[in-house]
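Below: one structure, written as structure tokens.
The values are calculated or read from the model by the stated rules, or taken from the named source; none is laboratory data. The model shown is predicted, which means the values in this text are computed figures rather than measured ones. Neighbour counts are summed over all protein chains in view; Cβ atoms, including those assigned to glycine, are modelled from backbone coordinates with ideal geometry. Just so you know, the surface numbers come from the protein's heavy atoms only, side chains and all, with ligands and any DNA or RNA stripped out. Shrake-Rupley method; radii C 1.70, N 1.55, O 1.52, S 1.80 Å.
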Amino acid sequence: METITIAIGAGALVLGVLLGKFLLGGSGTKIKEAEAEKERLLKDAQATAEQTKKDKMLEAKEHFIKLKSEFEEESSRKKNQIITNENKVKQREGNLNKQIEQNKQIESEALELKEKLSTQLEIMKNRKDEYEKLKDQQINILEKVSNISADDAKEQLVETLKDEARTEATAHIKEIVEEARMTATKEAKKVVIESVQRTATEHAIENCVSIFNIESDDIKGKIIGREGRNIRALEAATGVEIIVDDTPEAIIISGFDPVRREITRLSLHRLVQDGRIHPARIEEIVAKTTKNIEEEIVELGERTIIDLGIHGLHPELIRMVGRMRFRSSYGQNLLQHSRETANLCATMAAELGLNTKLAKRAGLLHDIGKVWTEEPDKPHAIVGMELAMKYKENPEVCNAIGAHHDEVDMTSIISPMVQACDAISGSRPGARREVIEQYIKRLKDLENLALGFDGVNKCYAIQAGRELRVMVDAENVSDKESSDLSFNISQKIEKDMQYPGQIKVTVIRETRAIAFAK
């Protein structure tokens, strides 16, 4: 429309010019020429306006068709999405119905089994009553035949047995007295040691959670990272569960292995100080922290043996003593328990006139097998004895380690003393908590089960044992094999382990391409 208006305006302008010339010139010929020119210009303007109008109409029509097509495509896409979501909902409803049917069937079977057990118990009760009646009948018959009551028969039998016992006892009295005189000192010491087990004092315990304090809650966002990538990388590298909740200025580190928790805590401390928090940096810091923890373990072992005055211990045994700091036994810190046992052994040996250094050495090393993870099928006492023999410890120390739970026979007086001191340290009220030890053992068994499969590099039990996170070698395990592996591990867990609820098995296959620019 603007173009038509412009064309009409141009025509009017031309017409005005021509009229001006006419008025100025006053010629009739010029008037006719002006009118002809006016007609021509008007026709041209109208034609131009008409063509412009058609072009605009065509352009508007094409734009409308384009918008209509886009609208139809968007509508079709949303319609397909709605159909897909409806199918998913129907599938979930079907699975839920199947689960409900299975639960009903299980309840029905349980009721049938309960009824059968009730019937069996009733039958057993009736049979027991019948047996008692038959027994009374037999006793009555015997009393009538022998003309003696059951009580009189018991008294006669007891008297006869007493006479026989006196005769045999008289024959062995002299032998027993002679043997007692020979072993009196040893037996007296054993009695003294066993009597000390009555001692009990309060003792603190540790749990499976560490707290990492932060200065501001803004740091939580950096630790979580975009879409949680930082916290996932940290959990994958350390094998613990990191809980970032509404707790002000604190992050909770949860895991059954104290070494992993300590590595995570120190790594978080370094990352927050550095400020650069991303997956590559996280893996680098965790690797450095792990190395530093190993050095700290050795330092702890050396400090412990210096404090106890023990010399000549093999470096590998020193390292295992340090690892006790990050291990618990029924909720009791293993290093503290071993140090306490060593001091008790030394005190008791001094009172009994025995070798205090040897007793202290045996007390410190008696639970060394608990930190050795390469032979989980053997009792820790046997593993500890074999390690002590491997690193040339005194035979009396080796026997005390192996015999403190009666796995082997005791061959020296130090062995029962270590057993008694171990019981003293562990029997204090609140010192141990068997539920935690069973829980930790179940999680370790869960990890070892998954590590037994080919292609598995690392395995972490998290979420209090409700999830098993398995890292596989991308070169040896394909995506299809990863799916099969998660199924096989879940079947193995169902077959070999007992656990409450359900366990989620997550297999992670990650491919990395690394190159160096030189």
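Got the relative contact order for the stretch 204-320 handy, in percent, Cα pairs under 8 Å and 6 or more residues apart? It would help to have the intermediate numbers written out before the result.
Working: 125 pairs, mean separation 28.9, N = 117.
Dividing the mean separation by the residue count of the stretch 204-320 yields 25 percent.
Using amide H atoms built in the peptide plane, which far-off residues or other-chain residues are under 5 Å from residue 214 H to H?
250, 251
Counting other C-beta atoms within 10 Å, and keeping those with at most 13, which DSSP coil GluC sites (Glu not before Pro) do you find in the stretch 335-405?
Values: sites: 340, 351, 374, 386, 393, 396; in loops: 374, 393.
Loop-located and lightly packed - 374.
Can you pull the one-decimal nm distance between simple spin-label points at residue 164 and residue 479, each 7 Å off the Cα toward Cβ?
My value for the distance between the label points is 8.2 nm.
State the Cα centre-to-centre distance between the stretch 236-301 and the stretch 335-353 in whole Å.
Computed from Cα coordinates, the inter-centre distance equals 35 Å.
Using θ = phi - 60° and the Karplus relation 6.51 cos²θ - 1.76 cosθ + 1.60, list the HN-Hα couplings for the stretch 335-343 in order, rounded to whole Hz, with x at every Gly or Pro.
So the J values, rounded to whole Hz, are 5, 4, 4, 5, 4, 5, 5, 4, 5.
Could you give me the radius of gyration and the Dmax of the stretch 312-425, taking only the C-alpha atoms into account and expressing both in angstrom?
12.6, 38
List every residue whose amide H lies under 5 Å from the amide H of residue 505, counting only residues 5 or more places away in sequence or on a different chain, with H placed 1.01 Å from N in the peptide plane.
Counting only residues 5 or more places away or on other chains, the set is 468.
Mind giving me the FRET efficiency for residue 66 and residue 448? R0 is 41 Å, r the Cβ-Cβ distance, nearest 0.05 is fine.
Numbers: r = 64 Å, r/R0 = 1.56.
Efficiency computed from Cβ-Cβ geometry: 0.05.
Calculated FRET efficiency, residue 101 and residue 466, Cβ-Cβ r, R0 22 Å, to nearest 0.05?
Values: r = 26 Å, r/R0 = 1.16.
That pair, residue 101 with residue 466, gives E of 0.30.
Can you give the FRET efficiency for residue 284 and residue 390, using 1/(1 + (r/R0)^6), R0 = 30 Å, r = Cβ-Cβ distance, to the nearest 0.05?
Efficiency, from the Cβ-Cβ distance: 0.25.
Would you kindly find the accessible area of residue 487, with a 1.4 Å probe and non-protein molecules such as ligands, DNA and RNA excluded, rounding to the nearest 10 Å²?
Accessible area of residue 487: about 120 Å².
Between residue 333 and residues 5 or more places away or on another chain, which pairs have amide H atoms under 5 Å apart, with H built 1.01 Å from N, and which residues are they?
206
What list of ³J(HN,Hα) couplings, whole Hz, do you get for the stretch 476-485 from phi and the Karplus terms 6.51, -1.76, 1.60, once you set θ to phi - 60° and write x for glycine and proline?
9, 10, 8, 4, 5, 5, 5, 4, 5, 5
Taking a threshold of 22 Å on the Cα-Cα distance, which of the pairs 390/444; 68/88; 78/480; 370/444; 392/441 fall above it? Intermediate values should be presented prior to the final figure.
Working: 390/444 26 Å; 68/88 30 Å; 78/480 32 Å; 370/444 13 Å; 392/441 30 Å.
Beyond 22 Å between Cα atoms: 390/444; 68/88; 78/480; 392/441.
Would you mind pulling out the separation of the Cα centroids of the stretch 96-115 and the stretch 387-418, in Å?
Each part reduced to its Cα centre gives a spacing of 54 Å.
Using all C-alpha to C-alpha distances in the stretch 469-518, build P(r) with 5 Å bins and read off the rounded percent in each one.
4, 18, 24, 17, 12, 10, 6, 4, 3, 2, 1
How long are the semi-axes of the equivalent ellipsoid of the stretch 216-258, defined as square roots of 5 times the Cα gyration tensor eigenvalues? Whole Å, largest first.
Numbers: eigenvalues 62, 41, 8 Å².
So the three semi-axes of the stretch 216-258 are 18, 14, 6 Å.
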